[in-house]
Amino acid sequence: MKNCAVLSVAKISRPIFIIGIQRSGTTILDNLFTRHRDTAFFEGFCNRYYMAPWKFWLIPLQVRRYGKRPPSTEGRVWRRYFTEIDYVDETQLTEEMKRYYYSAIRAELRAFRAKRFVNKNPAHCLRLRWLNSMFPDAVYILIRRDPRAVVNSIYQKMLSYWDMQMNTEYEHGYKGYVTIKDVFGKDISKLESCVNFYNYNKMMLAQDVPIIKDRMTEVAYEDFIESPRQELTRLYEFTGLSWYKELENFIPEKLNLETNTKWEALPLDEKKILQRAFQAGNSITG
């Protein structure tokens with residue numbers, strides 16, 4: 001009987017993926033979904049073993065020894081084969097990749113004794129066809145935000161991390177915000193490279209979202225911040241997670257929206273770049 005229970009817990013059924021362009025609010029949603037008692041997610045122990053998948057069996061032991069729900073991470077496993085800016089489709093999915101990701105997720109399901117796996121990673125904007133091929137019954141939450149706020153947030157991160165990341169090596173030679181500048185705007189300003197990076201993600205999303213449209217719901221960051229409990233109740237219902245009383249202890253009535261207008265404090269020439277780039281509003285998929 002015990003073995004049957006373990007097998008049922010390890011079954012990957014309707015994983016939940018939170019998608020959105022970097023700095024769109026995916027972390028806020030992830031924090032609230034990973035607090036749900038019925039969810040499992042990638043955490044630090046998975047990151048420790050991601051290059052040694054034969055050790056994934058240790059994850060349940062480590063998580064339970066931790067004694068409480070550890071903080072979630074995007075999961076370094078997603079960097080095992082590709083960088084955060086690689087566009088990936090179903091033709092690049094291999095049996096080795098399937099075994100690797102199924103093994104990692106099943107380990108987390110066992111670790112949390114959970115039935116549902118949830119994950120957020122902005123790079124999934126570029127991997128929808130690949131994800132869909134691996135998890136054909138997955139459900140998706142797409143969060144969108146004022147693109148001027150998104151790009152400014154990426155830009156500020158780029159400025160704050162620039163010197164530190166210039167000499168930092170990542171998987172596959174990827175160097176974070178430095179790579180964004182190199183790939184999306186080597187001969188233009190850092191802010192303009194961030195605009196190009198945003199538009200690249202938006203274009204790939206708009207192209208691939210139709211294949212998951214019947215299993216996806218959208219939420220506006222601005223609506224979520226204004227009414228988090230109401231929006232989260234809707235999102236839980238959509239994904240098949242139940243509401244329980246204890247959730248009210250950590251879900252606020254309202255969140256801070258001030259960061260959405262920080263772009264207005266930019267120098268005039270930079271403000272004009274954003275205004276010209278995003279006159280049409282904040283639609284992602286159309």
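None of the figures in this text is laboratory data; all of them are computed from the coordinates on show. Everything quoted here is computed from the prediction, not taken from an experiment. Positions of Cβ are backbone-derived with ideal geometry, glycine not excepted, and every protein chain shown enters the neighbour counts.
Worth a mention:
- Helix 147-165 vs. the chain, principal-axis angle (Cα, 0 to 90°, nearest 10): 80
- With both residues required to sit in the chain, DSSP beta bridges show an antiparallel share near 5%.
- Ranked list, fewest to most other Cβ atoms within 10 Å of each Cβ, for Lys272, Lys157: Lys272, Lys157
- Estimated Rh, the chain: Kirkwood, alpha-carbon pairs, angstrom: 20.0
- Gaussian network model of the chain, springs between alpha carbon atoms under 10 Å - residue of Asn249, Asn119, Asn260 with greatest fluctuation: Asn249
- Placed amide H near Thr39: partners under 5 Å, 5+ positions off or other chain: none
- The angle separating the long axis of helix 190-208 from the principal Cα axis of greatest extent in the chain is about 50 degrees.
- The region of the chain that goes longest without hitting one of the GluC sites (Glu not before Pro) in a DSSP loop, each with at most 11 other Cβ atoms within 10 Å, is 1-168.
- Annotation for segment 140-158 versus segment 59-114: alpha-carbon center distance of 25 Å.
- A DSSP coil position with no more than 11 other Cβ atoms inside 10 Å describes the following trypsin sites (Lys or Arg not before Pro) in segment 67-133: Lys68.
- Going from the residue with the fewest nearby Cβ atoms within 10 Å to the one with the most, Ile21, Ile141 rank Ile141, Ile21.
- Residue (of Ser72, Val209, Ser103) at the positive-pole extreme of the chain, dipole from beta-carbon charges: Ser103
- Cα-based helix-to-principal-axis angle, 268-277 vs the chain, degrees rounded to 10: 60
- Residue-averaged 222 nm ellipticity for the chain, from DSSP H runs of 4+ at -39500 (n - 2.57), nearest 500: -13500 deg cm²/dmol
- For a straight C-alpha distance cut-off of 16 angstrom, the lysines reachable from Lys272 (same-chain residues fewer than eight places away being disregarded) are Lys190, Lys262.
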